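Readers should treat all values here as calculations from the given coordinates under stated rules, not as data from a laboratory. Nothing here was measured: the structure is a model prediction, and the numbers come from that model. Here the Cβ positions follow ideal geometry from the backbone for every residue, glycine too, while neighbour counts run over all protein chains shown.
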């Protein structure tokens, strides 16, 4: 298999957008991370609970707890926005001119602009980066 850069994109929102719409659930998520010794970067870099256990050296139960709390935050944001789905990702830019670096919050359900996307389009920025592999 050949190696090269692959284009990626996400519809990115600021952390303050998430916190502003769902302050209680956001605080619960941050507290759950702290109480279970999982940092935000490890959570964002994990695609499933098994990855989270590896990335943060937490137990299966801790991974499940934090994942469930994030699910409640995502559900609350979905309700608060009228249908946007919350995500959390991590990307190391490696000085390639990427528009994201580190942890970033994403939303799906935006384009073709959904009714929720139309309402919140001034808060959402589409950003891109490349992945080498």
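Overview of values
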item	result
Extension gain (nm, one decimal) between residue 7 and residue 119, 0.36 nm per residue minus Cα-Cα	37.6 nm
Relative contact order for region 5-132, counting Cα pairs under 8 Å that sit 6 or more residues apart, in percent	37 percent
Mean separation of Cα contacts under 8 Å (6+ apart) over length of region 73-117, as relative contact order %	36 percent
Fewest-first sequence of 57, 114, 46 by Cβ atoms within 10 Å of each Cβ	57, 114, 46
Rounded Å value of the spacing that divides the Cα centres of region 90-133 and region 24-47	20 Å
FRET efficiency estimate (nearest 0.05) - Cβ-Cβ, residue 47 to residue 128, R0 22 angstrom	0.65
Most mobile of 21, 113, 73 in a GNM of the chain (Cα contacts under 10 Å)	113
Alpha-carbon gyration tensor eigenvalues x 5, square-rooted, for the chain, Å	23, 23, 12
Fluctuation leader among 20, 117, 71 - the chain, Gaussian network, Cα springs under 10 angstrom	20
